[in-house]
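Working notes for the structure below.
The values are calculated or read from the model by the stated rules, or taken from the named source; none is laboratory data. Please read these numbers as outputs of a predicted model, since none were measured by experiment. Neighbour counts run over all protein chains shown; Cβ positions are idealised from the backbone, glycine included. For the accessible areas, the whole protein counts, side chains as well, though only heavy atoms, and no ligand, DNA or RNA atoms are used. Shrake-Rupley method; radii C 1.70, N 1.55, O 1.52, S 1.80 Å.
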Amino acid sequence: HLFQLLAMTAMEAPTSFAAEAVRDEKTKVLHAIRPLTPEEVLGATVRGQYGAGRIAEQSLPGYRQSPQVSATSNTETYVALRLTIDSWRWAGVPFYLRTGKGLAGHTTEIVIQFKQAPLALFRETAVAQLGANQLVLHIQPDEGISLRFIAKVPGIRVRTSDVKMNFAYQDYFAETPFTGYATLLYDALQGDATLFQRADFVAAGWSVVQPILDVWQSLPPRDFPNYSAGSWGPAAADELLARDGRCWRSPQS
């Protein structure tokens, strides 16, 4: 699912909306992902397993305390990673992916963070550092799009503030949107394969994932469980972005 979203975000415009034209462009994205070396896996990926915690005021036992799960299980319930795509459009642009179980909430979104302008016009003012503008595609649970940007507060003083512009489907359209699986079932009945994975897409995805799994298998984790149920994942995932001078967007913001 993550690779589907990655491919839809980074793909070039297809020549048409025909299923094969769309799937060709999506597959090109995965083929362009730079495979991680064993050394890069250690610095560009984070794995996790949740321990006991609380979600929505309810206590949740750790993964190892779940029925039919070994008390020493090393099965991952969380992953975060940084990937790069070797193409002219995306050269030098990092892609960060994360997903997990036992987290504080269930949300699916794509965050596109804009680059900082090369010339800081406010460099001689109290506003030395400007936050990054972000375009957020909200996929679940509330479908919509939001744009977050920095604006100058009116007045003679140089002050800035976050501004957020929101578009929610439920506010503009009376129809209730289909769930993802309802759309897929309808497409299957219509013979439309656009949203379905093709064999070469699956193989390209495994070529990216398998080197990571090989390293993880050869080096069992020593710190499981490393995040509490009801949190947003292990601290190492925050450190992964902090090393690049970035941070995860809070799903509530």
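The residues of segment 142-164 that are farther than 19 Å from LYS115 by Cα, open to solvent by less than 80 Å² (accessible area, probe 1.4 Å) and not hydrophobic (A, V, I, L, M, F, W, C), listed by number, are GLU143, GLY144, GLY155.
The residues of segment 154-194 that are in contact with a strand residue (DSSP E or B) (Cβ under 6 Å, 6 or more places away or on another chain), of a type in the set (A, V, I, L, M) and over 28 Å from GLN4 (Cβ atoms) amount to a single one, VAL163. Whenever a residue of segment 77-106 is among the charged types (D, E, K, R), its partners that are part of a strand (DSSP E or B), lying with C-beta atoms within less than 6 angstrom and at least six residues away or across chains, give the pairs ARG82/PRO94; ARG82/TYR96; ARG98/ALA80.
Which one of these is open to solvent by 70 Å² or more (accessible area, probe 1.4 Å), within 28 Å of PRO251 (Cα to Cα) and in contact with a strand residue (DSSP E or B) (Cβ under 8 Å, 6 or more places away or on another chain): ARG47, ARG54, ARG98? I'd like the intermediate steps shown before the answer.
Values: ARG47 fails: open to solvent by 70 Å² or more (accessible area, probe 1.4 Å); ARG98 fails: open to solvent by 70 Å² or more (accessible area, probe 1.4 Å).
The conditions single out ARG54.
Return yes or no: is PRO220 in contact with a helix residue (DSSP H, G or I) (Cβ under 9 Å, 6 or more places away or on another chain) and not basic (Lys, Arg)? So PRO220 fails the test. Considered as a group, the residues in segment 217-253 that are in a helix (DSSP H, G or I) and open to solvent by less than 30 Å² (accessible area, probe 1.4 Å) include one that is nearest to THR107 (Cα to Cα), and that residue is ALA237. When residues in segment 57-95 are screened for being buried (at least 17 other Cβ atoms within 10 Å of the Cβ) and farther than 29 Å from PRO38 by Cβ, 2 of them pass. Taken over segment 19-44, the residue count meeting the criterion of being crowded, with 20+ Cβ neighbours inside 10 Å and of a type in the set (Ser, Thr, Tyr) is 1. Listed by position, the helices (runs of 4 or more DSSP H) inside segment 1-103 whose residues that are more than 18 Å from the chain's Cα centre (by Cα) number at least 2 are 19-32, 38-44.
From the residues in segment 119-142 that are among the aliphatic types (A, V, I, L, M) and assigned to a loop (DSSP other than H, G, I, E, B), which one is modelled with the lowest pLDDT? Residue satisfying both the conditions and the ranking: ALA128.
Results for (1) in a helix (DSSP H, G or I); (2) surrounded by 13 or more Cβ atoms within 10 Å (Cβ to Cβ), shown as yes or no for each residue.
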{"site": "GLN170", "(1), (2)": "yes, no"}
{"site": "PHE178", "(1), (2)": "no, no"}
{"site": "LEU185", "(1), (2)": "yes, no"}
{"site": "THR194", "(1), (2)": "no, yes"}
{"site": "GLN197", "(1), (2)": "no, yes"}
{"site": "ALA204", "(1), (2)": "yes, yes"}
{"site": "VAL208", "(1), (2)": "yes, yes"}
